[in-house]
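Below is one structure, written out as structure tokens, with a few remarks after it.
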Amino acid sequence: MIRITLPALALLAFGVCSPALAQELAPHQPLETRHICAAQPIYTAPAGAEARELAAGEEVSLRDVTFGPDGAAWFALDYATGKGLERAVGYLETAGVTHFCPPTTASDGQEQSYLAPPNTCHLVAGHADTLSGLNDLAASLPAFGPSASAYRLQAGGYALVLGLLSTGASERTIRLSDQLPEGSSCVSGAGFSAALIREDAGFVEAGQGGGQEAVALLAEARHAGDPAGMKQACDLGLGTACTAFASLIYDAPEGPGRGPAVVTRYALLGCMAKDLEGCQLAINRQDNTTELAQDQALPNGAATDDRVTAELSKLLCDAQDRIGCILLARNTASDRSPSLVEAASNFAASLTACQQGIGWICEALEEGFRTVTAAGARRGRPRMNGSRWRRSRRGSAPRAPAIQISAAANPPIIFTAIS
């Protein structure tokens with residue numbers, strides 16, 4: 001059966017996804033895939049002998065988390081030995097392994113990028129040749145209004161974006177949704193040249209101005225604490241100004257040009273400009289609209305584990321951001337028993353948040369490690385005793401390590417195996 005909806009009819013009038021939007025996405029990176037961003041040795045055991053030197057940018061696969069005689073937490077990782085197709089399991093301290101290699105730090109003079117953050121994509125409902133066509137298309141999709149944005153295309157015309165999706169969920173979401181226009185797609189944003197401004201009457205082009213003007217506007221606005229100047233600098237294409245504006249209006253009550261949807265929209269512009277504070281503001285603001293596109297596209301709750309919040313949290317946790325680490329653990333396997341990889345990832349994220357001074361999460365670490373050992377037991381993984389694993393007696397559950405936490409502001413976490 002061919003599905004014809006009002007949004008689909010509107011899209012036929014304004015054109016389906018154009019070749020300018022056919023931007024190839026990078027393959028979705030699963031949770032177990034991690035990166036080594038600085039050359040370092042991998043070890044045969046926690047704090048053991050060196051196995052080989054891993055090059056910067058090398059990819060490894062998370063298998064487990066454990067602890068060594070040095071008291072540090074270590075990941076067990078599947079890695080290439082460098083001998084043909086041979087692979088082995090080695091160990092690195094958790095802090096030396098990241099989901100993604102960090103982006104170049106955003107600066108006030110940096111040109112705005114509209115590339116979606118890693119493992120996410122822009123959900124495009126369609127394109128139009130004119131602003132009036134674009135706004136008519138937007139008006140036909142009111143449920144997506146709070147998260148919708150629009151971009152001028154490098155090839156000409158405009159794209160209507162309904163929000164971000166995780167690349168792990170994008171194909172399934174578009175395929176199953178009866179709320180999206182036919183021809184909807186998810187793109188990287190490489191073909192976007194400028195973000196449009198959203199006003200009460202619809203999307204409009206930003207005014208003329210260059211990068212230096214935007215930098216000067218932002219400097220003046222920061223000095224005066226002026227949100228209007230920050231917004232203007234953002235609208236001229238300065239990503240750090242988008243984050244500054246979102247931060248200044250973060251707690252402002254709902255009203256014209258204020259509220260969670262506005263904070264989310266501008267924070268995500270900052271995030272796309274590689275300003276990690278923008279990523280944090282987008283997912284930590286109460287009632288944010290970061291997941292609205294996913295929720296509206298599948299309003300009947302066709303749940304998926306792949307959420308934008310978790311993807312942005314990975315970037316933040318890689319940078320040792322405690323809020324990002326908490327949100328990563330909170331949004332991974334939250335409604336079911338985690339796999340061993342998920343449990344190990346959640347424990348490492350919680351440990352990082354604890355080390356960054358979140359006291360209440362420190363108190364939950366021992367339970368978090370019990371979850372790791374339980375997940376390992378479901379897989380038949382051997383149990384640790386001292387610095388080595390041995391199998392438990394049949395029918396007995398693995399025991400978690402004792403976790404001693406100092407009272408320091410940024411406590412070192414010391415693991416002591418229970419014999």
Quiz item: Counting Lys and Arg as +1 and Asp and Glu as -1, each charge on the Cβ, what is the dipole of segment 298-378 about the Cα centre in debye, to the nearest 20?
Solution: 80
Quiz item: Normalised by the number of residues in segment 264-326, what is the relative contact order in percent for Cα pairs under 8 Å and 6+ residues apart?
Solution: 27
Quiz prompt | Per residue solvent-accessible surface (Å²) - segment 275-360, probe of 1.4 Å | solution = 37
Self-check item: Long-range HN-HN contacts of Arg52 with modeled amide H, under 5 Å
Solution: Ile42
Quiz item: Near the amide H of Asp64, under 5 Å away, which other amide H atoms are found, from residues 5 or more places off or on another chain, if H is placed in the peptide plane?
Solution: Ala76
Quiz prompt | Sulfur and carbon atoms: percent of accessible area, segment 156-309 [1.4 Å] | solution = 47
Quiz prompt | Accessible surface, per residue, of segment 145-265 when the full set of protein chains is kept, probe 1.4 Å, Å² | solution = 42
Practice problem: Taking all protein chains together and a probe of 1.4 Å, list Val204, Val372 from the most accessible to the least accessible. | Solution: Val204, Val372
Quiz item: If you find the alpha carbon centre of segment 111-160 and of segment 278-324, how far apart are they in angstrom?
Solution: 20
Self-check item: Over segment 206-266, equivalent-ellipsoid semi-axes from the Cα gyration tensor in Å
Solution: 20, 12, 9
Practice problem: Could you pull the accessible area for Asp305 with a 1.4 Å probe, rounded to 10 Å²? | Solution: 80
Exercise. Working from the alpha-carbon coordinates of segment 187-338, get Rg over Rh, Rh being the Kirkwood radius.
Key: 1.00
Quiz item: What does the accessible area of Tyr250 come to, in Å² to the nearest 10, when a probe of 1.4 Å is used?
Solution: 40
Exercise. Please give the solvent-accessible surface of Asp306 in Å², to the nearest 10, using a probe radius of 1.4 Å with every protein chain present.
Key: 40
Self-check item: Cα-based Kirkwood hydrodynamic radius, segment 133-210, one decimal, Å
Solution: 13.6
Practice problem: Quick one: net charge around Pro117, please, counting Lys, Arg +1 and Asp, Glu -1 for every other residue with C-beta under 15 Å from its C-beta. | Solution: -3
Practice problem: Over every pair of different alpha-carbon atoms in segment 300-363, take the mean of 1/r and invert it; report that Kirkwood radius in Å. | Solution: 11.9
Quiz item: Once amide H atoms are placed 1.01 Å from N in the peptide plane, what residues at a sequence separation of 5 or more from Leu153, or on another chain, have their amide H within under 5 Å of its amide H?
Solution: Tyr158, Ala159, Ser193
Practice problem: Starting from the Kirkwood radius over alpha-carbon pairs of segment 29-75, derive D by Stokes-Einstein at 10 °C in a medium of 1.306 mPa s and give it in µm² s⁻¹. | Solution: 138
Quiz prompt | Note, ³J(HN,Hα) from phi for segment 263-277, Karplus 6.51, -1.76, 1.60, rounded to Hz, x at Gly and Pro | solution = 4, 4, 4, 6, 5, 5, 4, x, 4, 5, 7, 6, 9, 5, 4
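The values are calculated or read from the model by the stated rules, or taken from the named source; none is laboratory data. Model, not experiment: these values are computed from the prediction. Neighbour counts run over all protein chains shown; Cβ positions are idealised from the backbone, glycine included. With ligands, DNA and RNA removed, areas are computed over all heavy atoms of the protein, side chains included. Shrake-Rupley method; radii C 1.70, N 1.55, O 1.52, S 1.80 Å.
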